[in-house]
Amino acid sequence: MSINFKKDRIKTAIIVSPQTWGKMFISKHHYAVELSKLGYKVFFINPPKEMKIGSWFNLSIEKTAHENLWVLSHTFFFSSYIKFHLPWLFNRLVYIQRWFVLRKTGTPDIILSFDLSNNFPLNGLNCRKIFFSADEPKGKQNFLSAKNANLIVSVSQHILDLFKSVLPSIPQLLINHGLSEEFLNIPENLSKKYEGINVGLSGNFLFNDIDYPKLFRIIKMNPTITFHFYGSHLEELSNIGSSRNLENHGYLEKIKNLSNTVFHGVLTKKDLAFELHQMDAFLICYDPINGQSSGSNSHKILEFLSTGKVIYSTYFSYYSGRKDLLEMTINEKMDETLLFSNLTNLNNAELKKNRKEFAEEHTYSLNCKKILLDVGCN
């Protein structure tokens with residue numbers, strides 16, 4: 001797919017993120033990098049921190065390793081107690097907080113906000129304003145965050161429908177998750193690192209999205225298969241948060257103690273891409289009730305598809321009817337011992353080609369340009 005894009009139309013961009021800048025990248029971080037590659041001066045706004053007793057309001061800007069990309073960190077100039085107990089006052093004071101930020105960044109040409117907490121309201125700003133809801137809105141405040149946007153974007157039709165019911169006049173764009181360029185053009189003839197059958201899982205293992213009891217059963221009932229975990233599994237090393245409850249914490253510890261699991265931690269995108277190509281299959285085992293988008297989509301799917309290998313998965317509505325891409329076979333009645341019994345047929349040349357081609361059509365670079373064109377930045 002070819003998109004002609006004029007780099008000189010927009011000079012400054014602000015990314016408003018609910019997760020901080022750090023070692024582990026998710027969509028917010030990737031879109032910041034892509035905008036910088038398009039020639040923008042990009043400011044990635046970390047979520048504001050609570051101002052501690054006896055300390056002063058703080059705001060700092062730091063250069064990243066990426067050209068044209070800075071990270072702005074700041075504390076609230078007021079107590080976050082107000083946010084939860086006096087929301088009407090918070091919704092006024094947050095404009096002053098925003099003024100402090102804009103005094104450092106200058107008025108942007110475009111704002112891409114992923115923040116459902118209304119820490120950076122969009123109204124009253126003379127620029128292109130895009131609200132990207134990667135997660136499901138759960139309350140009134142979440143919808144307020146998108147008010148006055150020029151475009152609402154999501155990876156889930158379910159999420160877009162929720163916004164349509166509250167903000168019907170704002171245009172919408174359904175777009176898939178993005179794939180980083182590091183996952184493209186990996187050699188096919190890599191030397192095999194691991195013996196036997198290897199199944200990969202990746203993401204943030206500190207969230208409740210995962211159906212841990214079911215995952216534990218699958219791994220325990222397939223002792224001859226090695227399961228490789230790539231991503232955050234220790235809270236102190238995560239920059240994208242944690243929502244894991246005590247029950248899931250216990251199951252994760254049980255999984256770590258199984259003899260056929262390996263936890264690799266957070267890898268660079270390039271290292272992760274090479275590791276995923278060592279796998280024979282992939283496993284996604286989500287709990288749609290506790291998931292962030294009600295089982296509609298998942299960012300890790302494209303990374304797995306880029307290898308061409310089969311993905312065994314719980315149901316995702318975005319991929320409904322795409323049997324050529326996902327084996328959405330995990331359910332309450334499945335036989336865990338037969339889950340990986342048909343790898344040869346499911347990894348045939350035609351299916352591998354289909355999966356790779358689909359992934360390559362959804363890179364962050366292409367997605368970024370689609371969003372900008374849709375909001376009129378061409």
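The values are calculated or read from the model by the stated rules, or taken from the named source; none is laboratory data. Predicted model only: the values in this text are computed from it and were never measured. A quick note on method: Cβ atoms are made from the backbone with ideal geometry, for glycine too, and the neighbour counts reach across all protein chains shown.
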Problem - Unique residue being under 26 Å from residue 271 (Cβ atoms) and either at pLDDT below 95 or not assigned by TED's automatic domain parsing to the domain that holds residue 114 (or both) when the list is 55, 27 - result: 27
Exercise for the section: Specify the residue that is surrounded by the fewest Cβ atoms within 10 Å (Cβ to Cβ); the eligible residues are those in segment 47-86 that are small (Gly, Ala, Ser) and in contact with a Ser or Thr (Cβ under 7 Å, 6 or more places away or on another chain). Expected result: 60
Fill in the blank from the handout: residue 189 vs (1) surrounded by 14 or more Cβ atoms within 10 Å (Cβ to Cβ); (2) in a loop (DSSP other than H, G, I, E, B): all pass except (1)
Handout entry: Residue that is nearest to residue 261 (Cα to Cα) [pool: residues in segment 189-214 that are small (Gly, Ala, Ser) and modelled with pLDDT under 95]
Key = 202
Handout entry: Those residues of segment 362-378 which are more than 28 Å from residue 327 (Cβ to Cβ), among the aliphatic types (A, V, I, L, M) and part of a helix (DSSP H, G or I), in sequence order
Key = 371, 372, 373
Practice task
Select from segment 102-144 the residues that are touching an Asp or Glu at 6+ places or on another chain (Cβ under 8 Å) and assigned to a loop (DSSP other than H, G, I, E, B) and write down the one among them that is surrounded by the fewest Cβ atoms within 10 Å (Cβ to Cβ).
Solution key: 127
Problem - Qualifying residues in segment 314-338 (those that are farther than 24 Å from residue 161 by Cα, modelled with pLDDT of 90 or more and hydrophobic (A, V, I, L, M, F, W, C)) - the one surrounded by the most Cβ atoms within 10 Å (Cβ to Cβ) - result: 326
Fill in the blank from the handout: Apart from one, (1) in a loop (DSSP other than H, G, I, E, B); (2) of a type in the set (Lys, Arg); (3) free of Cβ contacts under 8 Å to residues at least 12 places away in the same chain all hold for residue 147; the odd one out is (3)
Exercise for the section: Might you check whether a residue that is buried (at least 19 other Cβ atoms within 10 Å of the Cβ), at pLDDT 95 or above and under 22 Å from residue 144 (Cα atoms) occurs anywhere in segment 34-44? Expected result: yes
Handout entry: Residues being of a type in the set (Gly, Ala, Ser), over 24 Å from residue 334 (Cα atoms) and at pLDDT below 95 - total across segment 246-300
Key = 1
Completion exercise
For strands (runs of 3 or more DSSP E) lying entirely in segment 14-90, having 3 or more residues that are out of contact with any Pro (no Cβ under 8 Å at 6 or more places or on another chain), free of Cβ contacts under 8 Å to residues at least 24 places away in the same chain and over 24 Å from residue 126 (Cβ atoms) picks out 59-63
Practice task
Starting from segment 184-197, keep only residues that are assigned by TED's automatic domain parsing to the domain that holds residue 341 and among the small types (Gly, Ala, Ser), then list their pairs with residues that are surrounded by 10 or more Cβ atoms within 10 Å (Cβ to Cβ) and not in a loop (DSSP other than H, G, I, E, B) whose Cβ atoms are within a distance under 9 Å, requiring at least 6 positions of separation or different chains.
Solution key: 196/225; 196/226
Handout entry: Filter result (farther than 24 Å from residue 34 by Cβ and of a type in the set (A, V, I, L, M)) within segment 71-117
Key = 82, 86, 89, 93, 94, 96
